[in-house]
1. Could you tell me the convex hull volume per residue, in Å³, taken over the Cα atoms of the chain?
2. Mind ranking 37-44, 13-20, 145-152, 96-103 by how tightly packed they are, going by the mean number of other C-beta atoms within 10 angstrom, highest first?
3. Assuming R0 = 41 Å, what is the FRET efficiency of Lys157 and Ser70, from their Cβ-Cβ distance, to the nearest 0.05?
4. Once you place label points 7 Å from the Cα toward the Cβ at Ala190 and Thr247, how far apart are they in nm?
5. Straight-line reach from Lys17: which lysines fall under 19 Å, measuring Cα to Cα and dropping same-chain residues less than 8 apart?
6. As a test of the formula, what do you get for the chain when each DSSP H run with n ≥ 4 contributes -39,500 (n - 2.57) and the sum is divided by the residue count, at 222 nm and rounded to the nearest 500 deg cm²/dmol?
7. Of the DSSP beta bridges with both residues in the chain, give the percent that are antiparallel, rounding to the nearest 5.
8. Just want the ordering: Glu299, Glu54, from fewest to most Cβ atoms lying within 10 Å of their own Cβ.
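Every number in this text was worked out from the coordinates using simple rules, so none of it is lab data. Remember, it's a predicted structure, so these values are computed and weren't measured experimentally. Quick reminder, even Gly has a Cβ in these numbers, built from the backbone with ideal geometry, and neighbours come from all protein chains shown.
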Amino acid sequence: MRPQDILIPEPAGLLCKPGGFHIDPVRPVDRAVITHGHSDHARPGHGAVLATRETLDMMRLRYGENFAGSTQEISYGESLKLGDVTISCHPAGHVLGSAQIAVTCKGTCIVASGDYKDAHDPTCTPFEVVPCDVFITEATFGLPVFRHGDAADEVRKLLASVALFPERAHLVGAYSLGKAQRVIKLIREAGYDAPIYLHGAMEKITSYYQQRGIDLGELRPVKGVKKADLAGTITLAPPSATSDLWTRRFPDPVTAFASGWMRVRARARQRGIELPLIISDHADWDGLCATIGATGAGEIWVTHGQEDALVHWCQSKGLIARPLALVGYGDEEEEESLPAGESADA
Ligand SMILES: [Zn+2]
């Protein structure tokens with residue numbers, strides 16, 4: 001069976017005709033399989049949604065109880081039959097509950113990995129390599145310039161700055177689903193045990209991580225705390241909040257931003273970021289290349305991001321590779337940091 005007879009891109013998203021479902025559809029469909037809770041992948045209004053428990057819970061938190069006509073849970077390692085295909089679910093290492101979906105039909109296996117990373121993240125199950133014939137990879141950081149390094153070193157930079165400027169507050173911009181909780185956990189792993197403050201927009205999802213057994217230490221809402229009492233403290237906030245009037249409640253804040261884009265100095269400068277922290281929930285160039293090789297796939301479909309360089313790299317390794325023309329997927333590391341209405345590709 002040709003892979004394109006199993007999965008094919010169409011305007012609503014990636015369609016599995018023989019299985020009767022879409023993966024991460026961007027428009028309402030009858031049956032959706034969702035890889036993870038970020039809003040460009042997990043949208044409300046579908047008839048039936050199949051996803052991990054955590055992804056379903058995050059959709060509930062974000063969109064309310066009636067976000068879909070019906071829901072069904074799938075666990076890591078579980079397979080089930082949908083129409084003429086078998087699907088199975090495997091950890092993607094991107095955020096809590098994130099999954100790769102393997103679709104098998106008549107002996108051909110395609111893995112749709114959604115967003116993924118192969119780096120250390122104590123807040124979610126590590127990425128698992130799933131051998132397959134066709135691997136669908138993201139390419140958010142699909143250029144050789146993007147090498148993220150060790151996130152623990154970035155967190156040490158943050159803590160060194162906190163120690164150096166006890167009279168200033170540290171404001172860390174971090175996407176509120178996944179990145180914020182990972183940064184908090186890395187701060188704890190580095191030995192910092194003072195309370196960490198949270199912007200209101202992060203409270204719900206962070207307490208969900210705690211409910212799921214991820215120990216983040218003592219967290220406090222920053223709302224209502226006196227300005228002087230925030231000297232020497234760390235506050236996590238959505239990236240957009242770190243550049244507006246909201247920051248006036250902090251004493252002489254040092255603004256940090258945790259994102260893979262902080263590898264690009266000009267981006268940090270543009271945003272007025274004093275302390276760029278290169279921490280990403282997406283695979284970097286080396287991670288993308290290593291993962292593609294590890295799957296053993298002979299054919300690679302590249303989507304949402306910088307497809308061209310990765311397609312070229314795959315072809316240079318003798319693999320069949322092509323960009324997938326899927327639209328509607330942004331990059332959460334950018335999205336939340338931009339004013340409403342501005343394109344994520346800007
Ligand atoms: Zn994502």
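1. Roughly 125 Å³ of hull volume per residue.
2. On the way: 37-44: 22.1, 13-20: 19.6, 145-152: 16.1, 96-103: 26.2.
In descending order of packing, they fall as 96-103, 37-44, 13-20, 145-152.
3. 0.30
4. With each label placed 7 Å out from Cα toward Cβ, I get 1.9 nm.
5. Leaving aside lysines fewer than 8 places away in the same chain, those within reach of Lys17 are Lys81, Lys106.
6. On the way: 9 runs with 80 residues, N = 346.
Result for the chain, helices only: -6500 deg cm²/dmol.
7. Details: 21 of 60 bridges.
Close to 35 percent.
8. Ordered from fewest to most neighbouring Cβ atoms within 10 Å, Glu299, Glu54 come out as Glu299, Glu54.
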